[in-house]
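Shown next, in structure tokens, is the structure this report addresses.
The values are calculated or read from the model by the stated rules, or taken from the named source; none is laboratory data. Quantities reported herein were computed from a predicted structural model and do not represent experimental measurements. Ideal geometry is used to build each Cβ from the backbone, glycine not excepted, and the neighbour counts take in all protein chains shown.
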Amino acid sequence: KTSVVDGYNTDNEEVSKLLEKSKAKSALERLQEERKSLPIYSYRDELLQAIQDYQVVVIVGETGSGKTTQIPQYLHEAGYTKRGKIGCTQPRRVAAMSVAARVSHEMGVKLGHEVGYSIRFEDCTSEKTVLKYMTDGMLLREFLAEPDLESYSVLMVDEAHERTLSTDILFGLVKDVARSRPDLKLLISSATLDAEKFSDFFDSAPIFSFPGRRYPIEINYTKAPEADYLDAAIFTVLHIHVKEEPGDIFVFLTGQEEIETVEENLKHRTKGLGTKIAELIICPIYANLPIELQSKIFEPTPEGARKVVLATNIAETSLTIDGIKYVIDPGFCKMKSYNPRTGMESLLVAPISKASANQRKGRAGRTGPGKCFRLYTVCSYNDLEDNTTPEIKRTNLANVVLILKSLGIHDLLKFDFMDSPTPEALMEALELLFSLNALNERGELTMLGRRMAEFPLDPMLSKAIVASDKYKCSDEMISIAAMLSVGNSIFYRPKDKQVHADNARMNFHSGNVGDHIALLNVYNSWKETGYSTQWCYENYVQVRSMKRARDIRDQLEGLLERVGIELTSNANDLESIKKAITSGFFPHSARLQTNGSYRTVKPPQAAHIHPSSGLAQVLPRWVLYHELVLTTKAYMRQVTELKREWLVDIAPHWYQLKDAEDSGTKKKSRGEMKRL
Ligand code: ADP
Ligand code: MG
């Protein structure tokens with residue numbers, strides 16, 4: 001029986017409202033839909049099949065297509081995490097954190113529970129963690145604790161095209177582990193098409209490549225070379241903002257300083273534009289930006305406004321921001337370069353490669369047609385190198401050599417490198433570790449070297465910490481090491497209060513104690529106030545950096561215990577603290593010249609004390625430095641006075657070796673080292 005109702009009203013407001021409500025999806029459901037709209041989604045089953053069929057798969061897909069966020073989830077859904085964790089490496093800290101946050105969001109779990117991340121000095125994982133995003137450097141260190149990576153069922157070496165030093169070393173190590181562990185799945189993923197090289201290296205592993213979404217992009221070059229690319233970038237942002245249709249802007253800059261300059265400048269200039277022009281939301285992103293500010297760049301731009309993202313090349317391939325229509329590419333990035341003959345490492349602003357330029361351009365065409373403004377000429381573009389030289393060819397290798405030696409890999413020349421480092425660079429690293437007594441004459445790891453390897457620090461700094469045991473000042477040394485690890489962001493110097501800021505800073509230097517002790521003074525003063533934020537404001541010290549230093553220090557304290565070093569304090573004996581520092585940093589010593597400049601001992605070359613140093617006006621006869629930076633001149637940063645006797649006493653072998661070199665027997669000592 002059917003009953004009939006006449007005059008049924010399909011326009012019932014109440015019912016429509018109810019229907020609307022049920023249609024309004026939960027945020028989680030919406031995220032699930034977004035996941036399904038990613039290019040990789042249509043290849044999900046095929047990809048899982050390939051991973052099931054082969055132990056190693058090389059995966060190629062465009063930036064933003066879903067490799068990093070989706071593949072680990074697919075594997076989790078397919079049950080791989082029942083056998084062990086899925087690890088996914090990223091060359092950059094920010095990417096590891098941001099991607100982990102996104103994936104935990106998509107899975108509706110708390111960050112640090114099922115999905116977590118691990119970066120140096122910050123472990124945001126737990127017993128529950130099955131999807132672990134981490135920096136490549138962290139996975140490298142995990143080999144020390146777990147050489148066969150038994151707790152992992154899948155390893156994804158992501159952003160393989162970046163070819164960072166750690167990623168390159170990982171290639172050799174994971175290849176070896178995969179041979180002894182047939183159950184381990186290995187994925188090598190990359191955003192660029194030249195995957196043959198990866199495939200060849202991994203014994204002709206299959207390449208799984210899938211198309212991304214690409215919209216046409218118009219490229220604009222400048223007519224003539226730009227004298228000042230920052231000015232040109234600022235001009236172009238404003239030009240787009242005023243003249244071009246809606247859509248967000250992306251500017252590639254080389255570092256935090258440049259980003260802050262451009263940010264300030266844009267804020268200032270947009271103030272004068274009046275109310276007729278839409279709001280310009282400025283979003284900076286760089287490695288040291290705190291995580292709570294990082295999420296801002298992913299927030300959708302409000303109607304009627306325009307967002308401009310100022311980023312380092314972190315966003316070239318490792319982060320995707322939706323809604324970008326305009327890319328401004330000045331054509332530069334900061335690049336490490338290393339000269340093994342002189343042992344000098346420098347961070348220089350250098351032209352990017354064609355591959356980078358094209359990745360950058362690609363950021364403009366992900367969600368619709370876009371425009372790329374290259375702030376250089378077509379000719380300059382044609383002159384760019386095709387690809388960036390892998391980092392292994394242009395960096396100091398001491399750190400990874402120490403790790404490899406700790407893993408029992410003695411013959412480094414036989415290590416399975418995708419691209420071998422130069423023999424000079426390897427020799428230089430071996431010599432340094434030998435002079436620090438981390439290796440013996442036969443090139444074997446010493447007890448000291450084993451302890452040094454426990455610290456996720458540069459070998460010279462690790463050595464200073466281990467040596468502080470002898471000088472009974474491990475307490476002070478780990479504070480100094482923590483402060484140095486934070487980088488050059490302890491003090492700030494607002495433009496309108498530079499004199500005050502400088503005075504405050506010089507207070508920590510009284511007695512010309514040197515920059516290392518000054519950093520210790522800052523830390524201890526802050527600690528005495530009960531870690532007061534107010535104190536930081538009053539002293540022009542960055543609270544955030546100090547908190548990070550405290551975190552790092554806590555971890556170093558834990559590591560001291562692990563290597564069996566007692567926490568001892570010798571605060572009043574500055575000489576002992578300086579000797580402990582010298583034990584690690586004697587290879588970075590320099591002597592004053594008659595003309596007021598310095599000459600480093602090894603390699604002999606001119607250097608100057610950085611103007612920010614407390615010793616810049618003091619000019620002691622002998623100094624050691626934390627790092628040498630090359631700008632207009634070679635500048636020594638973080639400088640402390642030392643006595644020549646200490647060198648003779650602490651590093652007799654090294655110091656005599658150098659004396660010998662001066663008298664022309666360099667070849668012989670080199671020859672001796674060859675046995676390493
Ligand atoms: P790929 O690794 O292939 O470059 P991802 O997996 O990183 O791609 O990104 C896939 C998509 O996920 C991006 O296009 C973007 O829409 C989204 N996404 C990634 N990270 C975030 C984030 N932190 N916040 C918001 N959306 C994100
Ligand atoms: Mg990715």
Margin query: Show the residue pairs meeting these rules: Cβ distance below 7 Å; 6+ apart or different chains; first residue within region 53-69 and at negative phi and among the basic types (K, R); second residue within 12 Å of ligand 2 (Cβ to nearest atom) and in a loop (DSSP other than H, G, I, E, B).
Written below: K67/D158
Item checked: Qualifying residues in region 313-362 (those that are modelled with pLDDT of 90 or more and hydroxyl-bearing (S, T, Y)) - the one surrounded by the most Cβ atoms within 10 Å (Cβ to Cβ) -> Y326
Margin query: Is it the case, given these coordinates, that V103 is more than 30 Å from G449 (Cβ to Cβ) and away from ligand 2 (no atom under 16 Å from the Cβ)?
Written below: no
Notebook entry, point to check: Using beta carbons and a limit of 6 Å, which pairs, at least six apart or on different chains, have the first residue in region 465-492 and over 18 Å from L436 (Cβ atoms) and modelled with pLDDT of 95 or more and the second one polar (S, T, N, Q) and not in a loop (DSSP other than H, G, I, E, B)?
Noted result: C473/S576
Next item on the list: Just give me the residues in region 316-338 being away from ligand 1 (no atom under 16 Å from the Cβ) and outside any strand (DSSP E or B), in sequence order.
Entry: P330, G331
Item checked: Only listed residue being surrounded by 14 or more Cβ atoms within 10 Å (Cβ to Cβ), more than 20 Å from the chain's Cα centre (by Cα), closer than 22 Å to V378 by Cβ and touching a residue at least 12 places away in the same chain (Cβ under 8 Å), chosen from L273, L230, L280 -> L230
Note to self: If I ask for residues that are at pLDDT 95 or above and either aliphatic (A, V, I, L, M) or loosely packed, with under 15 Cβ neighbours inside 10 Å (or both), which ones from region 594-606 would you list?
What the structure shows: none
Margin query: Within region 108-127, take every residue that is modelled with pLDDT of 95 or more and not in a strand (DSSP E or B) and give me the one that is farthest from ligand 1 (Cβ to nearest atom).
Written below: E127
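Could you check region 529-543 and list, in sequence order, the residues that are in a helix (DSSP H, G or I) and in contact with a helix residue (DSSP H, G or I) (Cβ under 9 Å, 6 or more places away or on another chain)?
T533, W535, C536, Y537, E538, V543
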Notebook entry, point to check: (1) modelled with pLDDT of 95 or more; (2) buried (at least 18 other Cβ atoms within 10 Å of the Cβ); (3) in contact with a helix residue (DSSP H, G or I) (Cβ under 7 Å, 6 or more places away or on another chain): which one isn't true of Y376, the others all being true?
Noted result: (3)
Notebook entry, point to check: When only residues in region 280-310 that are charged (D, E, K, R) and in contact with a strand residue (DSSP E or B) (Cβ under 7 Å, 6 or more places away or on another chain) count, which is farthest from F250 (Cα to Cα)?
Noted result: K296
Item checked: Only one of I577, I581, I552 that is farther than 25 Å from E345 by Cα and out of contact with any Gly (no Cβ under 8 Å at 6 or more places or on another chain) -> I577
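This table checks each residue for (1) within 16 Å of ligand 2 (Cβ to nearest atom); (2) assigned to a loop (DSSP other than H, G, I, E, B); (3) at pLDDT 95 or above; (4) under 25 Å from D458 (Cβ atoms).
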| site | (1), (2), (3), (4) |
| --- | --- |
| E142 | no, no, yes, yes |
| L155 | yes, no, yes, no |
| T167 | yes, no, yes, yes |
| K175 | no, no, yes, no |
Item checked: Filtered residues of region 178-192 (kept if surrounded by 21 or more Cβ atoms within 10 Å (Cβ to Cβ) and of a type in the set (A, V, I, L, M)) -> L184, L186, L187, I188, A191
Note to self: Here is a list: D248, D203. Which entry is out of contact with any Ser or Thr (no Cβ under 7 Å at 6 or more places or on another chain) and not polar (S, T, N, Q)?
What the structure shows: D203
Item checked: Selection from region 392-430 of residues that are closer than 20 Å to P587 by Cα and part of a loop (DSSP other than H, G, I, E, B) -> R394, T395, N396, L397
Notebook entry, point to check: Looking at region 183-191, is at least one residue within 16 Å of ligand 2 (Cβ to nearest atom) and either part of a loop (DSSP other than H, G, I, E, B) or of a type in the set (F, W, Y) (or both)?
Noted result: yes
Margin query: Of everything in region 46-69, what is in a helix (DSSP H, G or I) and under 20 Å from A205 (Cβ atoms)? Give them in sequence order.
Written below: E46, L47, L48, Q49, A50, I51, Q52, D53, K67, T68
Next item on the list: Identify the residue in region 70-107 that is more than 13 Å from ligand 1 (Cβ to nearest atom) and part of a loop (DSSP other than H, G, I, E, B) and, among all such residues, is nearest to R141 (Cα to Cα).
Entry: G84
Check: Residues in region 298-320 that are within 22 Å of S353 (Cβ to Cβ) and either within 16 Å of ligand 2 (Cβ to nearest atom) or of a type in the set (S, T, Y) (or both): how many?
Finding: 10
